[in-house]
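Notes follow the structure.
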Amino acid sequence: MTRQTNTAEAMDVTEVAPQDLHANDVEHAQKARPIPRISIQAFCEHGDTAEVLQIAAEDRRLSKTHVSIHMGGVPAAIAHYQENPTPNLIVIEASDARDELIVQLDHLSEFCDAGTRVVVIGHHNDVILYRELLKRGVSEYLVAPITPLQLMESLSNLYNNPDAEPVGRVVAFIGAKGGVGSSTICHNVAWSISEQLKTNVIVADLDLAFGTTGLDFNQDPIQGIADALQSPERLDEMLLDRLLTKCTERLSIFAAPVVLDRDFDISGDACDVVIDVIRQHVPFVVIDLPHTWTPWVKRVLLQADEIVITAAPDLANLRNAKNIMDLVKASRSNDVPPRLIVNMAGMPKRPEIGIKDFASALGIEPLQVIEFDCENFGQASNNGQMLEEFSAKAKAAPMFRDLALTLAHRKDMQALKNAKSAKPQSGGLLQKLKLKR
């Protein structure tokens, strides 16, 4: 066993938790980061703990790991490792009291290979036991019952330095239907994040044949994301800098080639590698997904930290948005639900589904309802500008600022900051007191 001390990483997560997850779960979800390609073997005593481990094993954060779950606790682990090599990580559930548990773990350590880490799930909130286990090289001691997100956060801290800068958050945008403005929403939100938070953002355009990122930011890059996807193993910091196109001081784009004489055979593994490299260098990675359904699109979507679905208020969009949401919710039970943006509402002469009925059918309230505004959006697009650059007075401009703060989990922090900076309104009360006198 090797000794590993842990300090939970502090992150700003002040947004109100969605109904699907409790506030504590949202905090654990934000702190739990992807775990590298390791093998994990668990030995449980109770079915409830085994179920928690199974849920965690199916989560996107453990998608690269190989997890096997056994029953029998410490005795079963000792019997197993007398004849088999130990994995990268062993998770043991043990309900025995302090002295008996220490004896059993000392016996288990005789069969552990160098470098194997051990996490113990105990049933006694015993500080002395915790210290004794750390002295013996146990990586972490968790007190049952635990939730899948608590477990994932603890495992994440073992393989990600809690004191290091967190990997960038990945926000994936997808349209419920072609032509609903998902790319426009994506680019404006990314620009707003970079401008409001004064932080670096990379927009990755994965619509290789018809992407509009270059046009929207008035750029004509020679190289882009296709070069990285074709040879993902070559992508490092130097190559990344060469392939990116800098649009503003803090925003860069990984543009699509937008050519039709080449066939792009994208693999999910290549997307994983490229996105992993990008997120190591910036706080936010915003992905513009095409309106197609392929294995790699599905994989990128489900692996993102946040998912934003853009839809117009008509029947086809309603059906498609519901299908995407149902899939995402079923596959990501430990994450916040997808975000919904209703775009181009109120288009003249177009029959529409009412926003309340649209939201009710999907079971989710839209983050924003953006009204049809062909003049401002069209002129901004033709100029290669973001909407707020073209017209800060446009009705949708503050909506993009609000979306940026929400997706960055800074909305409540901004409201608190504004409240503190506001001058106290005590004049009315003091005036009343003077009148009473």
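Between Asp220 and Val259, the distance separating the two model label sites (each 7 Å from Cα on the Cα→Cβ line) works out to 1.5 nm. Using a cutoff of 8 angstrom between alpha carbon atoms and counting only pairs six or more residues apart, the relative contact order for segment 144-265 works out to 26 percent.
Taking 8 Å as the Cα distance limit and 6 or more residues as the minimum spacing, I'd like the relative contact order of the chain as a percentage. Write out the running numbers ahead of the final one.
On the way: 767 pairs, mean separation 75.6, N = 437.
With pairs under 8 Å counted, the relative contact order is 17 percent.
Pairs over the 26 Å Cα-Cα cut-off, from the set Lys177/Lys395; Lys329/Lys356; Lys349/Lys395; Lys246/Lys298: Lys246/Lys298. Helix 315-331 axis versus longest C-alpha principal axis of the chain: approximately 20°, rounded to the nearest ten.
Which of rounded, prolate or oblate describes the chain when judged by the alpha-carbon gyration tensor and an a/c cut-off of 1.5?
Details: a/c = 2.11, a/b = 1.50, b/c = 1.41.
The shape class here is prolate.
Within a 10 angstrom radius of the beta carbon, how do Thr65, Thr184 rank from fewest other beta carbons to most? Spell out each step's value before the answer.
Working: Thr65 21, Thr184 25.
By the 10 Å Cβ count, ascending: Thr65, Thr184.
Applying 1/(1 + (r/R0)^6) with r as the Cβ-Cβ distance of Ala316 and Ala209 and R0 = 22 angstrom yields a FRET efficiency of 0.50.
Just to confirm the filter: which trypsin sites (Lys or Arg not before Pro) across segment 301-387 are DSSP coil and have at most 12 other Cβ within 10 angstrom of their Cβ? Working shown, then result.
Values: sites: Arg319, Lys322, Lys329, Arg332, Arg339, Lys349, Lys356; in loops: Arg332, Lys349.
Of the trypsin sites (Lys or Arg not before Pro), the ones in loops of segment 301-387 whose Cβ has at most 12 other Cβ atoms within 10 Å are Lys349.
Here the simple spin-label model places points 7 Å from the Cα toward Cβ, and for Lys246 and Lys135 these points are separated by 5.5 nm. Note on Glu83 and Asn383: the extension gain reaches 101.1 nm, defined as 0.36 nm multiplied by sequence separation minus the Cα-Cα distance. Evaluated with a Cβ-only charge set (Lys, Arg +1; Asp, Glu -1), segment 169-407 carries a dipole of roughly 660 debye about its Cα centre, given to the nearest 20. Using the C-alpha atoms of segment 30-159, what convex hull volume per residue, in cubic angstrom, is computed? Residue-normalised Cα hull volume stands at 96 Å³. Can you tally the net charge around Ser267? Count Lys and Arg as +1, Asp and Glu as -1, for every other residue whose Cβ sits under 13 Å from the Cβ of Ser267. Here the count lands on -2. GNM remark for the chain: springs join alpha carbons under 10 Å apart, and the peak mean-square fluctuation among Leu206, Leu289, Leu197 falls on Leu197. Modelled this way, with points 7 Å down the Cα-to-C-beta line, the labels at Gln230 and Ser68 are 4.2 nm from one another.
Calculate the FRET efficiency for Ile55 and Ser360 from the Cβ-Cβ distance with a Förster distance of 35 Å, rounded to the nearest 0.05.
With a Förster radius of 35 Å, E is 0.75.
Computed about its Cα centre, the charge dipole of the chain is approximately 2100 debye, with only Lys, Arg, Asp and Glu carrying charge at their Cβ.
Ellipsoid fit via the Cα gyration tensor, segment 169-407: semi-axes of 27, 21, 16 Å, each the root of five times an eigenvalue, largest first.
With the chain treated as a Gaussian network of Cα nodes joined by springs under 10 Å, which of Asp335, Asp59, Asp227 yields the largest mean-square fluctuation? Comparing Asp335, Asp59, Asp227 in a Gaussian network model of the chain, the most mobile one is Asp227.
Ranking request for peptides 258-271, 386-399, 305-318: highest mean number of other beta-carbon atoms within 10 Å first, then the rest in descending order. Walk me through the numbers on the way to the answer.
Numbers: 258-271: 12.7, 386-399: 17.4, 305-318: 21.9.
Taking the mean over residues of other Cβ atoms within 10 Å, the ranking is 305-318, 386-399, 258-271.
Segment Leu302..Ala330, full-extension length gain: 9.0 nm, with 0.36 nm per residue of separation and the alpha-carbon distance subtracted. Dipole of the chain computed with +1 at Lys/Arg Cβ and -1 at Asp/Glu Cβ about the Cα centre; of Trp191, Gly346, Ile266, farthest Cα towards the positive end is Gly346.
Tally Lys and Arg at +1 and Asp and Glu at -1 over the other residues with C-beta under 9 Å from the C-beta of Asp314: what net charge comes out? So the environment of Asp314 carries a net charge of +1. Ordering Asp276, Asp357 by the number of other Cβ atoms within 10 Å of each residue's own Cβ, fewest first, gives Asp357, Asp276. What number comes out for the charge environment of Asp227, summing +1 per Lys or Arg and -1 per Asp or Glu over other residues with Cβ under 10 Å away? Around Asp227, the surrounding residues sum to +2.
Laboratory data are not the source of any read-out in this text; all were calculated from the coordinates shown. In this text the structure is predicted, and so the values were computed from the model without any measurement. Virtual Cβ from ideal backbone geometry, glycine too; neighbours counted across all protein chains shown.
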